[in-house]
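Quick note: the coordinates plus some simple rules give every number you see, no bench work behind them. All of these numbers come straight from a predicted model, not from anything done at the bench. Quick reminder, even Gly has a Cβ in these numbers, built from the backbone with ideal geometry, and neighbours come from all protein chains shown.
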Amino acid sequence: MSNYYSSVSVPDRVSCDQQVSDLHRSSAGPNGDVVGSLQSLVGTVVIAIFVITFIVQAFQIPSPSMENTLLVGDYLLVNKLVYGGGEGGIGNLIMPYSRVHRGDIVVFHYPVTPAQHFVKRVIGVPGDRVRLVNKQVFINGVPLKEPYAHFTRPPNDAFRDNFPRLEVAPGETPDWWITLRKLVEDGQLIVPEGHYFVMGDNRDDSYDSRYWGFVPAANIIGRPLVIYWSVRGAEGESVLPSTLGDKLYHFAYAITHLFRITRWDRTLRLVN
């Protein structure tokens, strides 16, 4: 810019400055306000997309599989950066990425249907040997202390409560039963590299790794940070609605009963 001005005459500089001044005055009018508002809106949208894509994302709990840690109607903010570096990645040297640890609650793409998002607790990390005996989890032969585990039924399910059981197929995912038979030694399931064994805290009502297999590390989205809002469902609701009509009814009910159905004691609660 300095080179340009040094090559023009004084009258040309005055004329150019006048044009800039006129342009500034015209942009301050009604049209200029619209342009400014649009620029501000676009900037906000870009920032929001960046945050949702790379940093945090909102999710809601649709089922009771994580009770009583997470309830149906809890709305979560999930930290998507926490595991972003990957094991051995160069990014780990400059970013505070973390490894997935046993006991972490994670949100992930359901391996059977990746479009679905599941939330469970990590029970076994790569190399662990996992076993359940009468609902008690053993990791590498040592009983796992689980104050978060929730039980509602007696230990009368052969596959659910005593795992792994090679003579009992899980039913819905026969491929997992075949894989399971290859990874069991001395009655313990060995978690392979790059994979995790996950379970719901509500052990008697959780569709988890016992039934469909491991979670690949690439499927993990992040770790829940906080419950930013929690709401009770309409009377008789035990899971979030799935059909469009039920969703509309649920939304209308939430709007008209907002203060009564909000669980104020859970709102802004950290997830752990």
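Among Gly213, Gly194, Gly124, which is the only one that is under 26 Å from the mean Cα position of the chain (by Cα) and at negative phi?
Details: Gly213 fails: at negative phi; Gly194 fails: at negative phi.
Criteria check complete, one pass: Gly124.
Hey, can you tell me all the residues within the range 100-145 that are loosely packed, with under 15 Cβ neighbours inside 10 Å and in contact with an Asp or Glu (Cβ under 7 Å, 6 or more places away or on another chain)?
Asn134, Asn140
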